1. Sequence gap at least 6, Cα distance under 8 Å: using those rules, report the relative contact order of the chain to the nearest whole percent.
2. Just the Cα atoms of the range 189-319, one point each, no solvent: what log10 I(q)/I(0) does Debye give at q = 0.12, 0.22 Å⁻¹?
3. Which aspartates and glutamates, if any, have their Cα less than 17 Å from the Cα of Lys191, not counting same-chain residues under 8 positions apart?
4. Any idea how far apart Val167 and Asn139 come out in nm if each label point goes 7 Å out from Cα toward Cβ?
5. Kirkwood Rh and Cα-based Rg: tell me the resulting Rg over Rh for the range 52-144, rounded to two decimals.
6. What does the charge add up to near Glu252, with Lys and Arg as +1, Asp and Glu as -1, over the other residues with Cβ less than 15 Å from its Cβ?
7. What residues have an amide H closer than 5 Å to that of Thr142, excluding those fewer than 5 places away on the same chain, when H is modeled at 1.01 Å from N in the peptide plane?
8. Compute the distance in nm between two label points, each set 7 Å from the Cα along the Cα-to-Cβ direction, one at Glu205 and one at Arg112.
Amino acid sequence: MMDLRDRIEAAAARIRPHVLETPVEPSPELGRRGGAEVLLKLENLQRTGSFKLRGAMNALLSLPPAARAAGVVTASSGNHGAAMSWGMRALGGRVLVFVPEDASPAKLQAIRDHGAEVRAEGHDSGLSEIAARRHATENGLTYVSPYNDPAVIAGQGTVGLELARQVGDLDAVFVALGGGGLIGGIGGWLKGIGRVTTVVACSPENSAVMHHSIAAGRVLEMESKPTLSDGTAGAVEPGAITLELCRQVVDERVLVSEDEIGAAMRLVIGRHHTLIEGAAGVAVAGYLKIADRFRGRRVAIVLCGANIALERLRGVLAT
């Protein structure tokens, strides 16, 4: 944990010229519903529209310049790919992004807009990761995982570093759980500096591989159903270092339904007039599901991203 704390501090200094320190905004509406003081960490306002830029930039800046120049390979359901593409354009170099065949069109366009090459492989993000690692190995290129990488985790952990500095002590923090890089980094920082904060991992019922893997103590192979939270969906890479990290830092785990995710998205969009994607809705829905337990306390919710296809957004708002 102390090693991770040091890595996060180093990452914060390394990526500072490239990322935004995102604001924290109080949510009277969420506070009214649960009786807590609720603060929103607005990573949906980060460059590229999600927290993923933090981990991507830290990983890229940690590579030797020659490795970046030769080209980098990654896998992504969208946000990490866009962050890697943005980062490589800023630093110089090429990136090939493997994506699942059903990836969000809006996120694919964002990846391409920054100049990356996109290759669809498999119906699940886990299969895309396998294909990307294989391609990198066979071609002598560097592979950067969207979560299973110490530099990526440290970059995501800078969200926790900022949050602790901006708001001080918290009784709980609610974070969407996908591969575990974000919550692992945030929880690792908070516990590494001695904060007594309940770290709550929130997952969609339709795709909760890491949620169940934490309980099992090993990475499980499970079917994932379609979900509004495409940013957290899909398989977890076998042997992922985030599993043990999550088992150390996650205190509670919550599953939410698609209806709960949609309702949470409408609440934030309607009350805060800020766009969020499904993964951010998962964290809000997780809070609402167990809000009564935090009455009178101070909690933060990480709004992890804002990248959602227009047609999907229309469907959410029309419900």
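Computed from the coordinates by the stated procedures, all read-outs in this text should not be read as laboratory data. Keep in mind it's a predicted model, so treat the numbers as computed, not measured. Methodologically, a virtual Cβ is constructed for each residue, glycine included, from the backbone with ideal geometry; neighbour enumeration extends over all protein chains shown.
1. 22 percent
2. Taking Cα atoms of the range 189-319 as identical point scatterers yields -0.49, -1.35.
3. Hits, sequence-local ones excluded: Asp3, Asp6, Glu9, Glu162, Asp169, Asp171, Glu244, Asp251, Glu252.
4. 4.2 nm
5. Numbers: Rg = 11.8 Å, Rh = 12.6 Å.
Ratio of gyration radius to Kirkwood radius: 0.93.
6. It works out to a net charge of +3.
7. Hits under the 5 Å cutoff: Val73.
8. 3.6 nm
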